[in-house]
Structure formats: C-alpha cells, structure tokens
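The values are calculated or read from the model by the stated rules, or taken from the named source; none is laboratory data. Remember, predicted model here, so these are calculated numbers, not experimental data. A quick note on method: Cβ atoms are made from the backbone with ideal geometry, for glycine too, and the neighbour counts reach across all protein chains shown. Only protein heavy atoms, including side chains, enter the accessible area calculation; ligands, DNA and RNA are left aside. Shrake-Rupley method; radii C 1.70, N 1.55, O 1.52, S 1.80 Å.
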Amino acid sequence: MATLLDFRRRIRSVKNSQQITRAMKFVAAARLRRAQEAALAARPYAHELARVLRSTMARIQEPEHPLLERREEKTVLAIVLSGERGLAGPFNANILRKANEFFRANRDKKIVTIPVGKKGRDALKKAGFEFAGEWVNVLSRVEFKTAREIAKLATDLYAERKVDSVYIVFSEFKSVMTANLAVEKLLPVEAMGEEKGSKEEKEEKDGAKKPETQVDYIYEQPEDQLLDKLLPRYVETQILRAMLESSASEYAARMTAMESATKNAGEVIEALTLHMNKVRQAAITKEIIEIVSGAAYGAQ
C-alpha cells in the first residue's frame with residue numbers, strides 16, 4: 001500500500017507537469033494570436049487573386065499555358081501540411097487521416113508527395129511514399145520565401161509532365177475549437193465556374209454570398225503575359241495561405257490540448273490529495289486506537 005510519502009511525491013510530480021502544460025498553453029495562445037491574424041489577413045488577397053485569374057482565363061478563347069494543360073491523371077502530387085511537433089491533440093492524426101483518405105481515393109494512380117512539417121514527413125516516410133521534396137521546421141515561422149520554393153517545385157514538375165495534377169492537404173483555421181480539413185486542387189488551374197466544392201460556391205448555394213458578376217476589364221498587357229505572371233503567383237499565394245492556416249490550426253490545437261491537460265492535472269491532484277488525507281486519517285485513527293487499547297490494557 002502507498003505511503004504518505006509516496007502520495008506527496010506523486011502530487012509534487014503532477015504539479016510540476018501542470019506548470020509545464022500551463023506554460024505551454026500560454027505560449028501557444030500568444031503565438032496563436034499572431035498566426036490567426038496572419039491567416040485572416042492572407043485570405044482576402046488569395047481570394048481576389050484567384051478571382052482575377054479566373055476572370056482573365058474566362059476572357060481567353062483557348063488559353064495556352066503549361067499550368068493550364070489538362071491531361072489524364074496518372075501521377076498525382078500531394079502537398080501535405082502537418083505539424084512540426086506533438087502535444088497538439090489530434091491535429092497531426094487528423095491531417096494524416098485526411099491524407100490517407102485522399103491516397104485511397106487515388107490508389108489506382110501513382111502518388112508523389114511533398115511533406116511540409118516534421119510529423120507528416122516521418123509518417124509518410126514510414127508508409128513508404130515517394131518524396132519529390134520535403135520541408136521541415138518552416139511552419140513555426142511561415143515565410144513567403146518557403147511558399148515560393150514549394151510552388152516552384154510543384155509548377156516545374158507539372159510543366160515538365162512529371163505529374164498530372166497537384167493537390168494540397170491542410171487544416172483550414174475556423175476557430176480555436178474547430179478546424180476544417182481541406183483538400184484543394186492547385187494544378188491544373190480551374191477556370192471561372194469550373195471549381196467544384198469551393199468555399200465561394202458553397203456560400204452561394206447557402207445564400208450567404210451572391211454570385212460574382214463578370215466585369216469586362218480592359219487589360220493593358222497581352223493575355224499570355226498576364227497568365228505568365230498570375231499563374232505562378234496564384235500557386236504561391238494558395239500555398240502560403242494554406243501554410244498560414246495550418247500554422248494557426250496547430251497552435252489552436254496545442255492551446256486546447258494543453259488547457260485540457262492542465263485541467264486534468266488539477267483533477268488528478270485533487271483526487272490524490274483526497275486519497276492521501278484518507279490514508280493519513282486512517283493512520284491517525286489506528287494510532288489512537290492502539291494508544292487507547294494499550295492504556296485500557298495497562299489499567300487492567
């Protein structure tokens with residue numbers, strides 16, 4: 001049976017763990033605020049850039065560009081954004097489960113991956129997937145330079161016909177408690193009206209947003225020059241937005257997990273303290289009984 005000293009040691013150990021989880025919660029909350037602001041700030045630009053690009057493509061009779069070429073999907077490139085560390089609740093497990101669902105849906109095709117994040121890299125490497133490249137330790141501080149490098153690799157592989165389509169799997173930040181696991185198609189770029197299941201069309205169906213009216217812009221540059229600039233920037237922006245969304249989702253998941261761990265540690269401390277007090281009370285009662293019994297025996 002555990003002694004009072006054992007209980008005190010256990011309580012001290014749980015309190016130390018509670019201090020660590022509380023500190024990690026505060027750190028994650030501070031980083032979440034900055035990551036959330038960055039993710040929300042990137043959405044309007046990414047949305048408008050996609051709208052301008054689709055509008056430009058709709059005005060060209062037969063747009064010709066390597067990133068617009070459509071062909072049968074025999075080789076699929078998947079960019080998987082995961083976390084860099086653990087202690088984030090089910091965040092990494094959910095991302096990998098979503099990626100595995102996508103892989104199973106395309107099991108008749110060759111899958112090539114670009115993992116972004118240490119946890120995803122380790123899991124995909126263990127599963128035996130082929131890597132076209134990998135990036136780790138880049139989501140704690142998201143930079144446009146990293147997004148541009150990933151986008152360049154993806155666009156080069158597509159333009160060189162080494163892959164037939166490019167998808168990105170990431171966690172879209174919704175709130176501290178919820179996140180939306182998303183799989184978005186980056187290449188080939190869809191023209192206006194062809195994107196299925198996009199956020200804009202869902203909002204239009206729900207009546208939350210009116211359909212966009214097509215404005216007749218007058219472009220100064222030729223269309224092919226516009227596409228040469230817009231298409232690579234579109235891919236870079238979408239990857240950057242996904243990285244910012246994934247970073248914010250990871251910090252939100254870590255803050256929630258550490259808050260839950262801190263609360264659970266408090267409950268464990270209360271239960272151990274109650275049990276320790278019962279053991280101490282039983283020991284005191286036993287000593288009193290022994291003293292009373294000894295005194296009564298001596299009196300006889």
ask   = For the chain, modelled as a Gaussian network with Cα springs under 10 Å, which listed residue fluctuates most, Thr56, Thr237, Thr285?
value = Thr285
request  = Before anything else, pin down the relative contact order of the chain: Cα pairs under 8 Å, at least 6 apart, normalised by residue count, whole percent.
outcome  = 33 percent
message = Within 15 Å, Cβ to Cβ, of Asp156, how many net charges do the neighbouring residues add up to if Lys/Arg are +1 and Asp/Glu are -1?
response = -2
key: Global geometry of the stretch 72-194, whether rounded, prolate or oblate, following the gyration tensor of its Cα atoms and the 1.5 cut on a/c   = rounded
request  = Give the shape of the stretch 41-118 as rounded, prolate or oblate, defined through the alpha-carbon gyration tensor: a ≥ b ≥ c are the square roots of its eigenvalues, a/c under 1.5 means rounded, and otherwise the shape is prolate if a/b is larger than b/c and oblate if not.
outcome  = oblate
inquiry  = Can you compute the helix-only [θ] at 222 nm over the chain? Use -39500 (n - 2.57) per DSSP H run of at least 4 residues, normalise by all residues, nearest 500 deg cm²/dmol.
reply    = -22000 deg cm²/dmol
query = So which trypsin sites (Lys or Arg not before Pro) in the stretch 1-80 end up in coil per DSSP with only 12 or fewer other C-beta atoms within 10 Å?
reply = Arg70, Arg71, Lys74
task = Read phi for every residue in the stretch 71-88 and hand back ³J(HN,Hα) as whole Hz from Karplus 6.51 cos²θ - 1.76 cosθ + 1.60, θ = phi - 60°, with x for Gly and Pro.
result = 8, 5, 7, 9, 10, 10, 9, 10, 9, 10, 9, 10, x, 8, 9, x, 6, 10
note = The relative contact order of the stretch 82-175, taking Cα pairs under 8 Å that sit 6 or more residues apart, comes to a percentage of 29 percent
remark   = Per residue, accessible area of the chain with a 1.4 Å probe, heavy atoms of protein chains only, in Å², comes to 58 Å²
request  = For the pairs Lys74/Lys126; Lys118/Lys162; Lys118/Lys185; Lys74/Lys125; Lys74/Lys185, note any where the Cα-Cα span goes beyond 18 Å.
outcome  = Lys74/Lys126; Lys118/Lys162; Lys118/Lys185; Lys74/Lys125
message = Report the gain in length on full extension from Arg97 to Arg33: 0.36 nm times residue separation, minus Cα-Cα distance, nm rounded to one decimal.
response = 20.4 nm
query = Which of the following values of semi-axes √(5λ) of the Cα gyration tensor in Å was calculated from the structure shown: (i) 58, 20, 15; (ii) 78, 20, 13; (iii) 31, 27, 15?
reply = (i)
query = Can you list the residues, at least 5 places off or on another chain, whose amide H is less than 5 Å from the amide H of Val80, using H built in the peptide plane?
reply = Ile114, Val116, Val169
message = If DNA, RNA and ligands are ignored and the probe is 1.4 Å, what is the ranking of Ser171, Ser13 by accessible area, most exposed first?
response = Ser13, Ser171
Accessible-area composition of the stretch 1-84, carbon plus sulfur, in percent [1.4 Å probe] = 54 percent
remark   = Given Cβ charges of +1 for Lys and Arg and -1 for Asp and Glu, the option among Ala41, Val14, Leu53 whose Cα lies farthest towards the positive end of the dipole of the stretch 1-59 is Val14
Folded to 0 to 90 degrees: helix 4-58 orientation relative to the chain principal axis, Cα = 10 degrees
